[in-house]
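Single-structure report; data block below.
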Amino acid sequence: MKTNSEYILAESFLHLLNVTDKLIKGSLGKALQNSGFTITPEQFSILVSLWSKNGQCQYELATCQGKDRASITRLIDGMEKENLVVRIPSEKDRRIKLVYLTNKAKNLQNEILEVVKDATEKAEMDISGNEIEITKNVLKKMIANLNNY
């Protein structure tokens, strides 16, 4: 660990992660918008979760997105207005609403994923596959460390 006098914010790992996160979300948002989609990068993440497992409760979505329930509620509200998802009461517990994809969201999957793939390729330009794997492994370790903290 560096001392305070040696700490350079612009070179810190957490600062670089924060800047990268903002730039990636901005780039992805612009790519989606330029392709005619009205979803945000955060809504895209929810779609990915639902494409993987349709019919999740908001708590599950909040947990896998690393967001609080209020944020997820706002995101899903917007997605409902765009006719991408619907909330349906659980058969086991009517107090719990499960979030399901609409046919519109299911039909847009390949188109949206193509836009995201292109945006990802731009972000990863001039970075080797090995560097990407190392970075992913480091980030996974950091996530595990923070979840266990």
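The values are calculated or read from the model by the stated rules, or taken from the named source; none is laboratory data. Values in this document were obtained by computation on a predicted structure and should not be read as measured data. Ideal geometry is used to build each Cβ from the backbone, glycine not excepted, and the neighbour counts take in all protein chains shown.
Being touching a residue at least 24 places away in the same chain (Cβ under 8 Å), assigned to a helix (DSSP H, G or I) and not charged (D, E, K, R) is the filter here; which residues of region 76-117 pass it?
76, 78, 79, 105, 108, 109, 112, 115, 116
Run residue 16 past the list (1) buried (at least 16 other Cβ atoms within 10 Å of the Cβ); (2) closer than 24 Å to residue 140 by Cα and report the number of the one that doesn't hold.
Evaluating residue 16 over (1) buried (at least 16 other Cβ atoms within 10 Å of the Cβ); (2) closer than 24 Å to residue 140 by Cα leaves (1) as the failure.
When you look at residue 104, is it of a type in the set (D, E, K, R), closer than 30 Å to residue 135 by Cβ and either crowded, with 16+ Cβ neighbours inside 10 Å or modelled with pLDDT of 95 or more (or both), yes or no? I'd like the intermediate steps shown before the answer.
Working: of a type in the set (D, E, K, R): yes; closer than 30 Å to residue 135 by Cβ: no; either crowded, with 16+ Cβ neighbours inside 10 Å or modelled with pLDDT of 95 or more (or both): yes.
No, not satisfied.
If I ask for residues that are more than 23 Å from residue 58 (Cα to Cα) and not acidic (Asp, Glu), which ones from region 95-112 would you list?
110, the sole residue that qualifies.
Being farther than 28 Å from residue 15 by Cβ, loosely packed, with under 13 Cβ neighbours inside 10 Å and among the aromatic types (Phe, Trp, Tyr) is the requirement here; does residue 149 meet it?
No: the conditions fail for residue 149.
Among 96, 8, which is at pLDDT below 95 and either within 12 Å of the chain's Cα centre (by Cα) or farther than 24 Å from residue 138 by Cα (or both)?
From the options 96, 8, the qualifying one is 96.
Do we find a residue being within 16 Å of the chain's Cα centre (by Cα) and hydroxyl-bearing (Ser, Thr, Tyr) anywhere in region 107-123?
Looking through region 107-123, at least one residue is within 16 Å of the chain's Cα centre (by Cα) and hydroxyl-bearing (Ser, Thr, Tyr).
Going through region 85-123 one residue at a time, which ones are closer than 16 Å to residue 42 by Cα, touching a strand residue (DSSP E or B) at 6+ places or on another chain (Cβ under 7 Å) and of a type outside the set (Gly, Ala, Ser)?
85, 99, 101
Might you let me know whether region 58-68 holds any residue that is part of a helix (DSSP H, G or I), surrounded by 12 or more Cβ atoms within 10 Å (Cβ to Cβ) and among the acidic types (Asp, Glu)?
yes
Residue 122 is checked against (1) closer than 23 Å to residue 31 by Cβ; (2) surrounded by 13 or more Cβ atoms within 10 Å (Cβ to Cβ); (3) touching a residue at least 40 places away in the same chain (Cβ under 8 Å) and fails just one. What number does that condition carry?
Condition not satisfied by residue 122: (2).
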